[in-house]
Amino acid sequence: MSSEALIKVEHLSKCYQIYGKPQHRLLQMLMRGRRQYFQEFWALRDISFEIRRGETVGIIGRNGSGKSTLLQLICGTLTPTTGTVETRGKIAALLELGAGFNPEFTGRENIYLTASLYGLSREEIDARFESICDFADIGEFVEQPVKTYSSGMFVRLAFAVVAHVDADILVVDEALSVGDAYFVQKCMRFLRQFMERGTLFFCSHDIGAVINLCKKAIWLDHGKMVMMDSPKIVSEHYLAALCASPEAVETVAAMPNEKAEEASESGEYHDARAPLINASNLRNEMEILQFDPERSGGFGAGGAKIVSVRLLDENEKPLAWVVGGEEVILEVRALAQQELLRPIVGFLFRDRLGQAVFSDNTYLSYRFKEPPVRKGETVTARFAFRLPVMPSGDYSVTISIGDGTQEQNVQHHWVHEALMVKVHASVVCLGLMGVPMKKIFLGKE
């Protein structure tokens with residue numbers, strides 16, 4: 001990592017003048033400072049820090065703490081009251097919804113307008129236009145005025161543009177909270193690639209996202225920087241402060257006041273609270289968005305093509321809904337377009353941040369007995385397992401088929417979002433997944 005500072009903020013402050021009545025603005029101008037008709041609101045006070053090339057920084061804090069103001073000052077869309085902001089390199093920003101777009105222009109016209117503001121020539125935009133449209137995936141709406149777009153389409157087009165302008169610094173302000181699950185997964189893949197070469201400034205209320213994506217974190221409170229340190233340390237102090245504040249304490253859904261069944265002391269066990277959980281609003285219900293070969297696309301050498309991905313119950317019937325903790329079968333079918341000597345089929349569950357939750361493949365089970373697959377034949381893989389209890393949110397299932405060994409193989413077809421799983425409720429409070437509790441005891445001894 002270079003020691004070059006791309007962002008240098010020194011004693012930065014931003015003050016807004018709040019007028020009680022519209023006519024007070026005119027009176028303030030006429031009085032020329034002899035009398036004050038406004039109240040001062042300091043959105044930021046005396047902020048100083050440096051961000052170096054290759055660092056990823058998250059900003060956390062309550063609503064109104066100054067996060068968005070700081071990002072706008074760094075991007076140059078606001079002028080500081082006091083202090084300075086120095087930046088080096090090209091900055092691309094994804095701030096408030098639709099920022100930088102002319103609502104009367106079509107998506108195509110806004111692509112050329114916005115990309116040109118980032119310094120791209122007409123020829124460079126022409127060369128990247130199809131790639132931008134493919135990333136945004138809004139179809140024929142690119143020829144419609146953006147004032148007709150939904151919030152999700154706004155984000156798709158805006159992110160697609162900033163992803164293709166060769167920025168050194170990328171500033172993102174909660175923009176991905178309105179994207180659908182497929183698009184968020186695509187954006188997270190781009191962000192992780194960008195983090196290998198560029199500097200990311202990321203603002204979010206999602207502490208998990210900051211911890212997972214960032215190397216540093218800044219905590220703002222009432223316009224002041226409380227601390228800047230590793231995401232783990234900053235988040236621990238921030239959550240402690242939230243818990244100490246009465247208005248920040250969230251009400252936890254109460255479980256039915258009944259005695260839970262105790263699990264058997266031998267053999268395979270289930271969660272002792274399962275009957276109560278499944279009878280409550282915390283039942284871990286998961287909606288399965290089915291495999292769509294037209295949308296899935298993917299990449300690879302092309303020696304095989306994934307044609308079907310299904311989640312089945314124990315009786316091998318397709319599932320549209322399932323509850324965490326149940327026995328399921330993940331079935332993958334692929335058509336061989338050439339001979340496969342040592343086929344390997346694998347899957348990977350990811351959360352909305354692109355974090356790997358769990359995965360497996362067929363290699364270890366068939367390393368000495370891989371059945372060769374001839375051209376034109378269909379290979380089927382089934383993984384039978386107990387589905388874990390997962391926190392609420394969107395998940396994707398990546399599927400791949402290759403040929404070779406665990407260490408050296410040719411990926412013939414890799415599909416990122418072969419299945420999407422939407423978890424609607426969960427008893428999991430923290431962590432990537434829940435662990436069935438054999439027994440929970442609370443009492444005096």
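Do we have Asp360 as open to solvent by less than 40 Å² (accessible area, probe 1.4 Å) and either touching a helix residue (DSSP H, G or I) at 6+ places or on another chain (Cβ under 6 Å) or of a type outside the set (Val, Ile, Thr) (or both) here? So Asp360 fails the test.
Within the stretch 80-123, being β-branched (Val, Ile, Thr) and touching a helix residue (DSSP H, G or I) at 6+ places or on another chain (Cβ under 8 Å) holds for Val85, Thr87, Ile91, Thr106, Ile111, Thr114. Taken over the stretch 193-205, residues that are open to solvent by 50 Å² or more (accessible area, probe 1.4 Å) and closer than 14 Å to Asp173 by Cα amount to 1. Restricting the search to helices (runs of 4 or more DSSP H) fully inside the stretch 62-146 and requiring at least 3 residues that are touching a His at 6+ places or on another chain (Cβ under 9 Å) gives 122-136. Considering Leu353, Leu312, the condition of being out of contact with any helix residue (DSSP H, G or I) (no Cβ under 7 Å at 6 or more places or on another chain) and crowded, with 16+ Cβ neighbours inside 10 Å is satisfied by Leu312 alone. The set of residues from the stretch 406-445 being buried (at least 20 other Cβ atoms within 10 Å of the Cβ) and among the acidic types (Asp, Glu) comprises just one member, Glu417. Residue pairs whose Cβ atoms lie under 6 Å apart, sitting 6 or more positions apart in sequence or on different chains, and linking a residue in the stretch 304-321 that is over 17 Å from Phe385 (Cβ atoms) to a partner that is among the charged types (D, E, K, R) and modelled with pLDDT under 90, are Trp321/Glu287. Filtering the stretch 153-176 to residues that are at positive phi and modelled with pLDDT under 85 leaves only Glu174.
Residues in the stretch 327-345 include none that are open to solvent by less than 60 Å² (accessible area, probe 1.4 Å), out of contact with any Phe, Trp or Tyr (no Cβ under 7 Å at 6 or more places or on another chain) and at positive phi. When the stretch 1-31 is filtered for residues that are at pLDDT 85 or above and charged (D, E, K, R), the ones remaining, listed by number, are Lys8, Glu10, Lys14.
The rows are residues; the columns are (1) free of Cβ contacts under 8 Å to residues at least 12 places away in the same chain; (2) at positive phi; (3) surrounded by 17 or more Cβ atoms within 10 Å (Cβ to Cβ).
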position: Ser48; (1), (2), (3): no, no, no
position: Thr56; (1), (2), (3): no, no, yes
position: Ile60; (1), (2), (3): no, no, yes
position: Gly66; (1), (2), (3): no, yes, yes
position: Leu70; (1), (2), (3): no, no, yes
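The residues on offer are Leu78, Leu27, Leu44, Leu73, and the sole one that is touching a Pro at 6+ places or on another chain (Cβ under 6 Å) and either of a type in the set (Ser, Thr, Tyr) or more than 21 Å from Leu213 (Cβ to Cβ) (or both) is Leu73.
Identify all residues within the stretch 379-391 that are out of contact with any Ser or Thr (no Cβ under 7 Å at 6 or more places or on another chain), open to solvent by less than 70 Å² (accessible area, probe 1.4 Å) and not in a loop (DSSP other than H, G, I, E, B); write none if there are none. Residues satisfying the conditions are Val379, Thr380, Phe383, Phe385. Screening Asp403, Asp394 for residues that are buried (at least 18 other Cβ atoms within 10 Å of the Cβ), touching a helix residue (DSSP H, G or I) at 6+ places or on another chain (Cβ under 6 Å) and among the charged types (D, E, K, R) leaves exactly one candidate, Asp394.
Scan the stretch 363-372 for residues that are open to solvent by 70 Å² or more (accessible area, probe 1.4 Å) and either in contact with a Pro (Cβ under 7 Å, 6 or more places away or on another chain) or part of a helix (DSSP H, G or I) (or both) and the total you get is 3. Since Lys375 meets every condition but one in (1) under 30 Å from Ile207 (Cβ atoms); (2) of a type in the set (D, E, K, R); (3) not in a strand (DSSP E or B), which condition does it not meet? Condition not satisfied by Lys375: (1). The test for being more than 30 Å from Ser131 (Cβ to Cβ), open to solvent by 70 Å² or more (accessible area, probe 1.4 Å) and either at pLDDT below 90 or over 28 Å from the mean Cα position of the chain (by Cα) (or both) holds for Glu40.
The values are calculated or read from the model by the stated rules, or taken from the named source; none is laboratory data. Everything numeric in this text was worked out from a predicted model, so none of it was measured. Glycine gets a Cβ as well: all are built from the backbone with ideal geometry, and neighbour counts include every protein chain shown. The accessibility values were calculated without ligands, DNA or RNA, using every heavy atom of the protein model including side chains. Shrake-Rupley method; radii C 1.70, N 1.55, O 1.52, S 1.80 Å.
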